[in-house]
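Worksheet for the structure shown next.
Just so you know, all these numbers are worked out from the coordinates, no wet-lab data involved. Treat the numbers as computed from the prediction; the structure is a model and nothing was measured. Positions of Cβ are generated from backbone atoms using ideal geometry, with glycine treated the same way; all protein chains shown enter the neighbour counts.
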Amino acid sequence: MAADKTKILTAEQERQLRQPIDAYVGGIQEKIDALRANGTSRVVELQSSLDDLKRDRIYTQEEKAGRRAALTAELEKAKAVEAQNKAEVSKLIAQAEAYLKEHYDKDYYQAVVTSCKEEQALAQEKYQQVVAQLNQEHQETLAKLTDQGEIKDEKYVQKNRLFDAKMQLAKDIQEAKDRRHAAFDHRYHLIDMLRLSKFTFGESLAQRWENYKYTFNRRDFLLRNGLYIAIIIIFIALCIITPIVKNTPLLTVNNVLNILQQASPRMFLALGVAGLILLAGTDLSIGRMVGMGMTAATIVMHQGPNTGGVFGHVFDFSGIPVPVRVILALVVCVVLCTVFTTIAGFFTAKFKMHPFISTMATMLVIFGLVTYSTKGVSFGAIDPSIRQMIIPQINGFPTIILWAVAAVAVVWFIWNKTTFGKNLFAVGGNPEAASVSGISVFWVTVGAFVLAGVLYGFGSWLECIRMTGSGSAAYGQGWEMDAIAACVVGGVSFTGGIGKISGVVVGVCIFTALTYSLTVLGIDTNLQFVFSGIIILVAVMLDCLKYVQKK
């Protein structure tokens with residue numbers, strides 16, 4: 001259907017439609033401004049003067065006190081005027097809002113929306129006509145040419161003509177979108193003036209939704225969320241297939257709690273390595289850190305004398321009170337993990353060594369030391385009372401999840417509310433610029449590794465309690481891939497300086513849920529590595545595409 005040109009508004013016609021609304025609301029706004037002149041506006045001005053006075057170093061203390069007293073007296077008078085005029089101002093605002101509600105959409109906005117739709121339809125028609133004309137002229141030109149070089153040049157020119165036509169279409173459509181968006185915004189501009197930037201929850205939500213639609217780009221959306229959509233589709237498919245194949249539902253409350261319970265220790269590991277990925281690094285030693293921490297924690301919290309030894313020495317901590325052993329195990333885990341991450345961080349920061357190399361070295365050292373010292377044996381179970389003490393089940397709810405929530409909150413605070421967190425993003429984004437601005441790249445890098453070590457220690461300690469021991473050097477093999485993959489899937493970019501805690505949380509939950517689902521379905525563990533590898537590959541590919549687009 002051809003576009004109805006009679007519905008398309010010119011800029012002048014649009015102004016004429018809006019003029020009565022602006023005139024009516026503008027008249028009320030003048031009355032409100034007059035009432036606010038010696039009231040609300042004066043209060044804001046005097047409060048600003050008082051704030052400036054606190055920072056002012058020109059006046060003496062006595063002069064400041066005198067000026068503060070004078071300003072405070074004026075402020076009280078202004079507040080009295082504000083209170084006196086409050087009812088009249090509210091009445092005028094309600095009158096203006098009632099007029100907007102009755103007339104804005106009906107007399108102005110809907111006409112603009114209709115006009116913009118017709119403009120976009122007309123732009124499409126115009127584009128199709130131009131393309132048809134260009135193709136016809138192109139074919140006529142080609143029919144007259146015989147030289148292959150000239151034919152090649154003509155085809156190249158034709159591509160440019162078609163591209164220009166497409167760009168013109170995009171420009172015309174964007175202009176129509178801009179007009180509609182400006183008309184939508186104008187209403188909230190008027191409300192903003194009336195209420196001094198105080199919007200209701202519904203109004204704020206409507207503005208956010210409109211801004212999202214206005215700035216929405218399909219390609220950017222798929223780059224950011226395509227992998228999540230694909231994984232959700234896979235998970236839905238697994239939820240459908242599992243009851244058919246295994247005769248058991250997958251999406252149950254019990255299964256969800258099991259997934260979150262398994263994800264909790266891994267959350268600590270992912271949060272730790274996320275800080276290193278922010279610095280455009282990584283950590284290959286996570287799995288071996290878990291094995292070392294599990295072994296150390298099991299030895300300390302073991303039920304009775306240990307069945308194995310360390311360098312031939314058998315430890316017996318059973319004489320120490322259980323709460324003290326639990327705390328000692330945590331301290332040992334954190335110290336051991338932090339020592340090795342600090343070593344890797346030092347070599348990375350001091351000698352500009354790539355974290356791939358420094359953490360691979362610590363991975364080999366840790367595995368070699370733990371395996372040699374313990375002969376690779378498993379140390380059995382820990383005291384059974386510890387699990388109930390640290391991570392009890394309360395009405396079926398595994399409280400280990402609360403430990404992960406606390407870790408997320410602490411790391412979020414460090415990343416977003418501390419100087420170290422801001423420096424972490426700065427160094428990850430551009431270490432040279434960060435160094436020039438006075439940030440110590442060395443200490444930020446070492447600090448990121450130290451923080452990672454603390455989190456690894458906590459994670460391995462929690463995993464030991466969750467599994468009631470069974471620590472060995474081989475435990476945790478491959479966990480570094482899960483932690484790194486969770487961060488990448490969650491949007492922590494290997495290019496450095498880009499990432500959110502919420503993304504890490506989502507990534508860990510996605511990977512744990514997928515692994516759990518495949519296990520319930522009976523998929524071989526080796527094939528699960530194939531799924532993980534594909535997800536990592538796609539996630540990094542999308543990350544690289546976003547980086548290329550940004551550049």
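Karplus-derived 3J(HN,Hα) values for region 97-108, using 6.51 cos²θ - 1.76 cosθ + 1.60 with θ = phi - 60°, are 5, 5, 5, 4, 4, 7, 10, 4, 5, 5, 8, 9 Hz; glycine and proline are entered as x. With a Förster radius of 60 Å, plug the Cβ-Cβ distance of D147 and F413 into 1/(1 + (r/R0)^6) and report the FRET value to the nearest 0.05. Once rounded, the FRET efficiency stands at 0.25.
Once the Cα-Cα distance is subtracted from the 0.36 nm per residue extended length, the Q393 to N160 segment shows a gain of 77.2 nm.
A simple packing score, the average count of other Cβ atoms within 10 Å per residue, orders the peptides 142-152, 82-92 as 82-92, 142-152, with the highest score first.
Proximity of backbone amide H atoms, modeled 1.01 Å from N, is registered between V310 and F315 at under 5 Å, excluding neighbours fewer than 5 places apart on the same chain. Residues whose amide H comes within less than 5 Å of that of L279, counting only those at least five positions distant or on another chain, are G497 (H built at 1.01 Å from N in the peptide plane). Computed log10 I(q)/I(0) for region 5-216 at 0.14 Å⁻¹: -0.96, from the Debye equation with unit scatterers placed on every C-alpha and solvent omitted.
Here the Karplus curve 6.51 cos²θ - 1.76 cosθ + 1.60, taken at θ = phi - 60°, turns the phi angles of region 468-473 into couplings of 6, x, 6, x, 7, 5 Hz, with x standing for Gly and Pro. Taking amide H atoms as placed 1.01 Å from N in the peptide plane, the amide H of G490 lies under 5 Å from those of G507, each 5 or more residues away in sequence or on another chain. Note on region 221-550: Kirkwood hydrodynamic radius from all Cα pairs is 20.5 Å, rounded to one decimal. When restricted to Cα atoms, the chain yields an Rg and a Dmax of 32.9, 100 Å, respectively. Each of the peptides 407-415, 129-137, 269-277 was scored by the mean count of other Cβ atoms within 10 Å over its residues; in descending order, highest first, they stand as 269-277, 407-415, 129-137. Peptide packing for 35-41, 315-321, 452-458 was compared via the average number of neighbouring C-beta atoms within 10 Å per residue; ordered from the highest value, the list is 452-458, 35-41, 315-321.
Give me the one-decimal nm value for the distance between modelled label points at E30 and E12, 7 Å along each residue's Cα-to-Cβ direction. Going from the E30 label point to the E12 one covers 2.6 nm. Between R224 and M353, the simple label model (points 7 Å from Cα in the Cβ direction) yields a spacing of 3.9 nm.
Net length available on complete extension from Q133 to K54 is 21.3 nm, with 0.36 nm assigned per residue and the Cα-Cα distance removed.
A simple spin-label model places pseudo-atoms 7 Å from Cα toward Cβ; at H313 and A23 they are separated by 9.5 nm. Over what distance in Å are the Cα centres of region 126-186 and region 402-437 separated? Centre-to-centre (Cα) distance: 48 Å.
Here the Karplus curve 6.51 cos²θ - 1.76 cosθ + 1.60, taken at θ = phi - 60°, turns the phi angles of region 453-460 into couplings of x, 4, 5, 4, x, 4, x, 5 Hz, with x standing for Gly and Pro.
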